[in-house]
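Student: A single structure is presented below for examination.
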Amino acid sequence: MYLPFCLLRMDVSHRGSMFYWYFPAINPKVKDPPLLIWLQGGPGSSSMIGLFFENGPIRLNANMKLERREFHWAEEYSVLFIDQPVGTGYSYVTRLQDDSNLEVTDPDAIREILARLEAELQKDQQQEQELFASLADKKLAFKFEASRQQKISTQKSIYLNGYVKDERGVAADLLVFLDQFYERYPELQHVDLYLSGESYAGKYVPALAYGIMESNKGRRYLHEDDYETAVTVHTDKQIIFPLKGIALGNSLTDPVSQVQIHADHAYYMGLVTSAQADQMRVMQDRSVQEAEKGRFLESNRRRLDIFEVFKNATGGLNWYDIRKGDIANDWSRMEEFMNLAHIKDALNVFGPRTAFLEERKVAQSEIHRIQEGRAQTLYNKDPLVIQMMAADIMKSSAWMVSNLLQQGIRVLAYQGIFDFRDAVAGSNAWIDKLEWEGQDKFLKAEREIWVNNGRLAGYVTQVSGLTRVTLLGAGHLVPMDQESNSLAMMTSFVQGTRMEVATPEESQRRAAAHVI
């Protein structure tokens, strides 16, 4: 049995390993069913949320028992759930560069490490801001901003104490992971591949897809000089990833565009007063201004100020689903379940890693180090994941979506209407600015009324390689709220068929009957 980990890096300061849970298609309708990869957001949220609460074949009920899910993505397709970046869920990373002390528990030592890491992040931001200023003497257009961002990213290391700092690190680690995964499951090397995810995965997914396309061409991801040993250059003897499409659910993809709609959204939903909306607009403007200066850490702090105003004004309204009032999403039973001893045994989380490491031809001394660090595989949400990626949050991945569309990679962007955090209007703002050959046709296309099993499900715009879907009765976690409808949506996307829509006559009948 293979262990559910893929070892990513063995350098003392970069050592890490990635956990996954793979489900082959249960009842495939074709000989080689496509492979769907699911990435959760965060940064730092485990993809086991997707498995247990959204689209996996099993759900975790209130009694901490597993049960079959009626509508799930693994019925006809193979689905792979990955805990990433390292530090997420069971995926672990060395916490200290001093490998003689892999796990620090002393509070003073922890504070010292955090202070050092924060200083490194501030230094990175200063260097990035200086480079930004040298590239821009005025407010830059979206297209050039994308190029500028690439240039900035190539100037600095993609890791800090083993944690990734931006989407280059995310893509680089996932490329190494996929190489190992496909070696373990060679039967998947020629089946269609689709990447999917929600929330902050609206940045992960385009980054991985872009990295795949660049890697397939034989180039390293953004030509990173200090990561030559890890990012694979695909030769004739290596895997060419068969990527066909990406699906972005309630995604944070172009934060500068998305942050600018929060105040209007809250006000017109009746959630804040005009004065409170004005407060939010001040924070929005400051966030955008900081981003335009290349001060991405400060930009994100101002963005968080917006949500603080919203939280206080609304009495702690659940911004991921405003229907829920002040009831927050709770994954605590999942964390408790994944930390049960018999579950760890069943998943082979603490199983012997030696065979796996020997299989990867790692030196015996390094095997010992990894085994010493196995307590790092305690299932949790490591706060350092989001701290290390704080400067990445306000950077755009929309330019990569444009690039992918232009290369023929199909894109599905879907959202539930009750999500405030990553709302429909905010995503419309960046989707309407995409630059690819089909964009003009997309903007001129009519939005259609989507029906599933004879019932109104939402609204869809379907043009060439880009599909935009708005789902009724759903918040931030669409597959959790609308299992059947989200499955129908994904099935249409993967199969390349048009979603079922109401005819004009049917729409009129529905309106007359007050069905909609």
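Bear in mind that the values in this text are calculations on the coordinates, not laboratory data. Not measured: the values here are computed from a predicted model. No Cβ is skipped: glycine too gets one built from the backbone with ideal geometry, and neighbour counts run over all protein chains shown.
Student: Say a paramagnetic label sat at a point 7 Å from the Cα of residue 216, along Cα to Cβ; which residues of segment 179-194 have their backbone N under 12 Å from it?
Tutor: Under cut-off, by backbone N: 190-194.
Student: Hey, another quick one. Can you figure out the FRET efficiency of residue 264 with residue 323, using R₀ = 22 Å and their beta-carbon distance, to the nearest 0.05?
Tutor: Here the calculated transfer efficiency is 0.65.
Student: So what is the relative contact order for segment 248-291, in percent, with contacts set as C-alpha pairs under 8 Å and at least six apart?
Tutor: Across segment 248-291, relative contact order equals 43 percent.
Student: Quickly work out the residue 274-to-residue 116 label distance, labels modelled 7 Å from Cα along the C-beta direction, and quote it in nm with one decimal.
Tutor: So the label points at residue 116 and residue 274 sit 5.5 nm apart.
Student: Moving on. Which residues does a label at residue 497 reach in segment 459-486, if reach means a backbone N under 16 Å from a point 7 Å past the Cα toward the Cβ?
Tutor: Output list for this probe position: 485-486.
Student: Ranked by Cβ crowding within 10 angstrom, fewest neighbours first, how are 379, 268, 320 ordered?
Tutor: 268, 320, 379
Student: Moving on to the next point. Take the alpha-carbon centre of segment 254-285, take the same for segment 398-459, and report the distance between them in whole Å.
Tutor: 22 Å
Student: Take 71, 337, 310 and order them by how many other Cβ atoms sit within 10 Å, fewest up front.
Tutor: By the 10 Å Cβ count, ascending: 71, 337, 310.
Student: If each residue's Cβ is checked for other Cβ atoms within 10 Å, how do 393, 158 rank with the fewest at the top?
Tutor: In increasing order of surrounding Cβ atoms, one gets 393, 158.
Student: Express in nm, to one decimal, how much length is gained between residue 293 and residue 66 on full extension, taking 0.36 nm for each residue of separation and deducting their alpha carbon distance.
Tutor: Between residue 293 and residue 66, full extension yields 76.8 nm more.
Student: Can you give the FRET efficiency for residue 380 and residue 508, using 1/(1 + (r/R0)^6), R0 = 35 Å, r = Cβ-Cβ distance, to the nearest 0.05?
Tutor: 0.05
Student: Could you pull out the trypsin sites (Lys or Arg not before Pro) across segment 47-92 that fall in loop regions by DSSP (anything but H, G, I, E, B) with no more than 13 other Cβ atoms inside 10 Å?
Tutor: When the trypsin sites (Lys or Arg not before Pro) of segment 47-92 are filtered for loop state and at most 13 Cβ neighbours within 10 Å, 65 remain.
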